[in-house]
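**Q** Dropping the structure in here first, questions after.
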Amino acid sequence: MTPDTLLADPAAIRLNYIRPSASAVKLVVKTIASQVECPRCRRSTSRMHSRYLRLVADLPWHGVAVKLELHTRRFLCLNSLCIQRIFCERLPTVVARYARKTVSLNAALELIGFAVGGEAGSRLARELGLIVSPDTLLRRLREASEISSTTTRIIGVDDFAFRRGRRYGSLLVDLERHRPVDLLPDRESATLGAWLRAHPGIEVVTRDRSKTYARGISQGAPSAVQVADRWHLLKNLRDALEQLLKRVLSSKGRGTRGAVHPPEESIHALSEYTEQSRIRLLPHLLRLDSGGKRAPPLRPPPPREAAWMLLQSDRLKDEERLVLERLCYLFPDLKAAQELALDFAQMVRHRAADLLPGWLRSATQSKLKEFVGFARGLSEDYEAVRNALKYEWSNGQLEGQVNRLKLIKRQMYGRAKFDLLRARVLHSLK
């Protein structure tokens, strides 16, 4: 190992010798530049005024503390017009002004703080031979420079919970660079609008179906293209289908006393029964085969499971397919709803924007109130929904970023202030 490899910047300092002790290793180094610049007027000078000594902590070796005994100099500025007559030699690659730790040590402590926080970071640093308090680590996080400002064209916005059901914030992610760009303390339209006005140049914003975010984007970046998230569109579809199933499969009609017996005639005679009668007899009717004979008992699926069965009919087992066929026969509305749902899902997955107007007409004319309401909501957000079927961008990668944010928040035990959470979320390990 050459002496140069032990030094932060061999072009600025030179190792004279190593002085070991029982508790630490001291590196005696001196500056070697023949000329330096005045920090005020930037004029070079080689006229030395005096020498002085600095003792600086450096990264440990195998858990042993390392100190730099830095012999540096003061210089005279030769510019008669400069008010800085005498100045200390600057070593920005080795140690900052007035600092008692090297740049490398401060960078390591900063990384530890960003990675695991204050208390845990202090314990980890101690195991690595770095003695630092939790408060010092948190101060490093607050003093760290923010992410350099770069032009962001395409962003996604999504909310996250500080405390579920009570307080929420907003996460903004650069979809091109796959990295967070900012954290907002709430999910109000005014806050998002103000951020967008302060960051001109945004061309595309992806979001969920939130009207609050839609207003904020319109206020802050009216020329930006709003894109509804495709996953949320499919979720809204499942919600509409589940609500329809809850209505159709509702058990409110089971008010009769005594046992309810299935009819003796063929299942084709079910068309003579009222909707309420079908609901009351559903658990028994699911046990009949098409010839009116008893089949193995089949449990009526809950609405959520039935919704999945309707959307994934090509992946069902034989028993599940039989249940689905009988449900659709008992309740014709389910067959119509299934066709609408499958058409919409295919349209979203294949991003067939041209099919959207026709689907909206079909859903509105279906007279299924859940799908009529779903279509009405899509029409109110028509441009963003159409853009979701037109552009490649979506909020998909925000789910991973939000999960990372949740992990960081839990590491902080929910006690840290917003500025520390924001600093750790925006920090990127390079």
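Read-outs throughout are calculated quantities, based only on the coordinates presented, and are distinct from any laboratory measurement. What you see is a predicted model, and the numbers here were worked out from it, not measured in a lab. As a convention, Cβ positions derive from the backbone with ideal geometry for all residues, glycine included, and neighbour counts pool all protein chains shown.
**Q** Amide H to amide H under 5 Å from residue 179: which residues, 5+ apart in sequence or cross-chain, H placed 1.01 Å off N in plane?
**A** 174
**Q** Additional query: Count charges around residue 51 for me, please; just the other residues with Cβ under 10 Å from its Cβ, Lys/Arg as +1, Asp/Glu as -1. Spell out each step's value before the answer.
**A** Working: positive: 30, 73, 74; negative: 89.
Every neighbour counted, the sum reads +2.
**Q** Then there is this: Which net charge results for the neighbourhood of residue 216, defined as the other residues with beta-carbon distances under 12 angstrom from its beta-carbon, given Lys and Arg at +1 and Asp and Glu at -1?
**A** On the way: positive: 187, 197, 207, 211, 215; negative: 159, 186, 188.
Counting the neighbours of residue 216, the net charge comes to +2.
**Q** Moving on to the next point. Determine the dipole magnitude for the stretch 1-98: charges of +1 sit on the beta-carbon of Lys and Arg, -1 on that of Asp and Glu, nothing else is charged, the reference point is the Cα centre, and the result goes in debye to the nearest 20. Each step should come with its number before you reach the end.
**A** Values: 16 positive and 6 negative charges, 102 e Å.
Approximately 480 debye in magnitude.
**Q** Based only on other Cβ atoms within 10 Å, what is the fewest-to-most ordering of 217, 155, 202? Please report the intermediate quantities before stating the final value.
**A** Working: 217 24, 155 27, 202 21.
Lowest count first: 202, 217, 155.
**Q** Return 407, 378 ranked ascending by Cβ neighbour count within 10 Å, so the fewest neighbours appear first.
**A** Working: 407 10, 378 22.
The most exposed by this proxy come first: 407, 378.
**Q** Let me ask something else. Output ³J(HN,Hα) for the stretch 396-410: one whole-Hz value per residue in order, computed from phi by the Karplus curve 6.51 cos²θ - 1.76 cosθ + 1.60 with θ = phi - 60°, and x for Gly and Pro.
**A** With coefficients 6.51, -1.76 and 1.60, one gets x, 6, 5, 4, x, 5, 5, 4, 5, 4, 4, 4, 4, 4, 6 Hz.
**Q** Cα centroids of the stretch 345-361 and the stretch 174-199: how far apart, whole angstrom?
**A** Here the answer is 30 Å between Cα centres.
**Q** Amide H neighbours of residue 162 under 5 Å, at least 5 residues apart or on other chains, H built in the peptide plane: list them.
**A** For residue 162, the qualifying residues are 167, 168, 169.
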